[in-house]
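The values are calculated or read from the model by the stated rules, or taken from the named source; none is laboratory data. This is a predicted model, so every value here is computed, not measured. Using ideal geometry, Cβ is built from the backbone for each residue, glycine included, and neighbour counts are taken over all protein chains shown. We work out accessible area using only protein heavy atoms, side chains counted, and drop any ligands, DNA or RNA first. Shrake-Rupley method; radii C 1.70, N 1.55, O 1.52, S 1.80 Å.
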Amino acid sequence: MEDLFRSYAPYVYLHPDEDYLPSSVDWFFSNGALLYKKGEESQPARIEPGGANLPKGSDPDGSYWIDLPADKGVRDRVSHGDIASTEAYVHFKPGVENGMFTDIQVWMFYPFNGHVVAKIGLIKRVSLGRAGEHVSDWEHVTLRVRNVDGVLDKVYFSQHSGGKWVNASLLQFESENRFAWYSSRNGHAGNNEVGLYLQGPGNGNGVGIRNDWAKSNKVVDTAERFVLVASEGEAEAVVEPWWLSYQSKWGPTKQYDTAAEVRRVRKFLPGKLKEALDKLVKTIDEVYGTNGPTGPKVKNNWSGDEA
């Protein structure tokens, strides 16, 4: 399994202006990440190596969540990640298309998701305060490989609350069968090529949330540093890390009002642009969510197909 992954392992390219880099989960834990419990917020617990003290089992009431360290200076440092420690977390599972494929999910962890930047007409970049920010960000690609000959058929790139399939012929191959996986600035949405995509109801009019992809020397070679964390339908046994079974939130519930953050920018815009910006508020909450993010194993596409 590891040899198969290495033959297709993507290179993850961060935007040259990316401030919120990935890290390993263990780096995040060992640098002061805290576990909170509802009703005991004043006594958070340091997370032990490997997440050994994280609770297992479902948590429908949101009794537990993870947060950055409490100290402001340490919190800021940890939020910016540590690319040198980064690990790709690999999951093998049978493909859903008539048993003809094997899926290889490659998960990346980011301690923090940055704020939203919008394009409003001729104004290319408008920072929307804290809108879009949240602690912990899990992104992934899924490599769909043909069982009959081991050839890569297509790749799914996760993009916030959705994503897209890309045929292998449209990938940008770097060396032999290994391709580029571009991560958008601040939000870390994946893509197979560089460029700008606007997200939102007014994107046809040049209004929307910016997803900026570009190549830089901030790159993660997933073949060099990866961990096989789970496998289904394979003969080789895989010991799953403790944190993988944690089903509660990897970040606290949103701690700001999106509309209020947008209003701080809105007052500086002319009338028609104010209306365009107002329409983005709902989109921001739909894309980035209002609750803390969940881990890989809780997401529907862990065991099901990509949406």
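Descriptive notes on the structure:
- The residues of the chain expose, per residue, 45 Å² of accessible area to a 1.4 Å probe.
- Residue-by-residue Karplus 3J(HN,Hα) for segment 287-295, coefficients 6.51, -1.76, 1.60, Hz, glycine and proline x: 6, 9, x, 10, 9, x, x, 9, x
- Segment 158-300: radius of gyration over Cα atoms, expressed as a fraction of 2.2 N^0.38 Å: 1.32
- Separation of segment 177-248 and segment 71-114, taken as the distance between their Cα centroids, equals 7 angstrom.
- Built amide H within the under 5 Å cut-off of Asn53, gap 5+: Glu48
- Percent of Cα pairs exceeding the 32 Å cut-off, where the set is the chain: 28 percent
- The smallest convex shape that holds all Cα atoms of segment 246-288, its convex hull, gives 65 Å³ per residue.
- Each residue of segment 128-133 is assigned a 3J(HN,Hα), and the resulting list reads 9, x, 8, 3, x, 6 Hz, derived from the Karplus form 6.51 cos²θ - 1.76 cosθ + 1.60 (θ = phi - 60°), x at Gly and Pro.
- Share of carbon and sulfur in the accessible area of the chain stands at 48%, probe radius 1.4 Å.
- Reachable lysines, given that their alpha-carbon falls under 23 Å from the alpha-carbon of Lys282 and they are not under 8 places away in the same chain: Lys119, Lys124, Lys164, Lys249, Lys254, Lys267, Lys272, Lys274, Lys299
- Nonlocal amide H pairs with Ser216, under 5 Å, H built at 1.01 Å: Leu14
- Taking each residue as 0.36 nm, the span from Asn53 to Val74 lengthens on full extension beyond its C-alpha to C-alpha distance by 5.4 nm.
- Largest-first ellipsoid semi-axes for segment 228-307, taking √(5λ) over the Cα gyration tensor eigenvalues, angstrom: 41, 14, 8
- Segment 44-128 - convex hull of alpha carbons, volume per residue in Å³: 249 Å³
- Principal axis dimensions, segment 1-81 - Cα atoms, whole angstrom, descending: 48, 33, 22
- When the inverse distances between all different Cα atoms of segment 223-269 are averaged and flipped, the Kirkwood radius reads 15.5 angstrom.
- Mean Cβ count within 10 Å, highest first, over the residues of peptides 76-83, 53-60: 76-83, 53-60
- Projected over all directions and averaged, the alpha-carbon convex hull of segment 22-175 occupies 13.6 nm².
- As a ratio to 2.2 N^0.38 Å, the alpha-carbon radius of gyration for segment 1-43 is 1.88.
- Helix-only [θ]222 nm of the chain, DSSP H runs n ≥ 4, -39500 (n - 2.57) each, per residue, nearest 500: -4000 deg cm²/dmol
- Applying the Karplus relation 6.51 cos²θ - 1.76 cosθ + 1.60 with θ = phi - 60° to segment 254-259 yields 3J(HN,Hα) values of 3, 10, 8, 9, 4, 4 Hz, where x marks Gly and Pro.
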